[in-house]
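**Q** Following this message is one structure expressed as structure tokens.
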Amino acid sequence: MSALKNKEKIVNNIESEFQDSEAIIISDYSGLTVEDITELRQRIFKEGFFVKVLRNRLVKIAFDSSKFDYPETLLTGQNIYCKSDDNIVGLTKLLVSYQKEYENFEIKGGVLDGNYIDNKQISTLAKLPSKEELVAKTVGLIKAPLTGLVATLSSPVNSFINVLNNIKNNK
């Protein structure tokens, strides 16, 4: 296989991988040790996200053919590409916490639903509650009135039973 065909195959793989994603976050990892990068990749994979170091030129070709909106400076330097299919908040929380731990790790920006998002927007996304937290809050909001209703309905019955027990105990 020629080098050109191999690169075309890689670009097609990048396109198909990123086309179905909700968001792609691009970070600069220059200055990190191999152990630091390995730890980051393990954390990301453990949470179910995609992470890969790719050639910027090939990513640029894939982004351009997918019509993603991004500044040219985003695809310069030593970049690591992280992708989320359905939990952008979880990915941003993970990357922002990693950025706080390692000063050499810098979140540069990303693409959310085809549009560019900068570092500040990513930090804002990281502050949102996670999907699991929102589900738990929703279930709690639905459950609270039902619990109150059950308590209200069972209260007169319990009072009546207590009166009968007191009468029984007095005889």
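The values are calculated or read from the model by the stated rules, or taken from the named source; none is laboratory data. Please read these numbers as outputs of a predicted model, since none were measured by experiment. Quick reminder, even Gly has a Cβ in these numbers, built from the backbone with ideal geometry, and neighbours come from all protein chains shown. For the accessible areas, the whole protein counts, side chains as well, though only heavy atoms, and no ligand, DNA or RNA atoms are used. Shrake-Rupley method; radii C 1.70, N 1.55, O 1.52, S 1.80 Å.
**Q** For the stretch 84-99, indicate whether the set of residues that are open to solvent by 70 Å² or more (accessible area, probe 1.4 Å), over 17 Å from Lys46 (Cβ atoms) and in a helix (DSSP H, G or I) is non-empty.
**A** No, that holds for no residue.
**Q** Residue check, Ser27 against (1) at pLDDT below 90; (2) of a type in the set (S, T, N, Q); (3) under 17 Å from Ile117 (Cα atoms), all met but one. Which one?
**A** Result: Ser27 passes all but (1).
**Q** To continue, here is another question. Name every residue in the stretch 82-102 that is more than 14 Å from Glu22 (Cβ to Cβ) and either among the polar types (S, T, N, Q) or in contact (Cβ under 8 Å) with a residue 60 or more places away in the chain (or both), in order of residue number.
**A** Leu95, Ser97, Gln99, Tyr102
**Q** Looking only at the stretch 73-123, which residues are among the aliphatic types (A, V, I, L, M), over 18 Å from Thr33 (Cα atoms) and under 10 Å from the mean Cα position of the chain (by Cα)?
**A** Ile88, Val89, Leu91, Leu94, listed by residue number.
**Q** Same structure, new question: Looking at the stretch 42-64 only, could you name the residues that are assigned to a helix (DSSP H, G or I), farther than 14 Å from Asn12 by Cα and touching a residue at least 40 places away in the same chain (Cβ under 8 Å)?
**A** Arg43, Ile44, listed by residue number.
**Q** Cβ contacts < 7 Å: first residue under 18 Å from Ala62 (Cα atoms), restricted to the stretch 108-122; second residue of a type in the set (Phe, Trp, Tyr) and surrounded by fewer than 15 Cβ atoms within 10 Å (Cβ to Cβ), any location; separation 6+ or different chain. Result?
**A** From residues that are under 18 Å from Ala62 (Cα atoms), the pairs are Gly109/Tyr116.
**Q** Please tell me if Gly110 is open to solvent by less than 80 Å² (accessible area, probe 1.4 Å) and modelled with pLDDT of 90 or more. Break it down stepwise before answering.
**A** On the way: open to solvent by less than 80 Å² (accessible area, probe 1.4 Å): yes; modelled with pLDDT of 90 or more: yes.
So Gly110 fits the description; yes.
**Q** Let me ask something additional. Hey, could you check the stretch 1-56 for residues that are open to solvent by 70 Å² or more (accessible area, probe 1.4 Å) and touching a strand residue (DSSP E or B) at 6+ places or on another chain (Cβ under 6 Å) and say which is nearest to Ala126 (Cα to Cα)?
**A** Once the filter is applied, the top-ranked residue is Arg41.
**Q** Consider Asn104 against the criteria (1) polar (S, T, N, Q); (2) modelled with pLDDT under 85; (3) closer than 30 Å to Leu75 by Cα: it satisfies all of them except one. Which criterion is unmet?
**A** Here Asn104 meets the rest and fails (2).
**Q** For Val59, state whether it is β-branched (Val, Ile, Thr), over 20 Å from Pro129 (Cα atoms) and either surrounded by 19 or more Cβ atoms within 10 Å (Cβ to Cβ) or in contact with a helix residue (DSSP H, G or I) (Cβ under 9 Å, 6 or more places away or on another chain) (or both). Walk me through it before giving the result.
**A** On the way: β-branched (Val, Ile, Thr): yes; over 20 Å from Pro129 (Cα atoms): yes; either surrounded by 19 or more Cβ atoms within 10 Å (Cβ to Cβ) or in contact with a helix residue (DSSP H, G or I) (Cβ under 9 Å, 6 or more places away or on another chain) (or both): yes.
So Val59 fits the description; yes.
**Q** Same structure, new question: Consider the stretch 100-111. How many of its residues are among the basic types (Lys, Arg) and in a strand (DSSP E or B)? Steps first, answer last, please.
**A** Our first condition is that a residue be among the basic types (Lys, Arg); within the stretch 100-111, this holds for 100, 108.
If we keep only those that are in a strand (DSSP E or B) too, we end up with 108.
Final tally of qualifying residues: 1.
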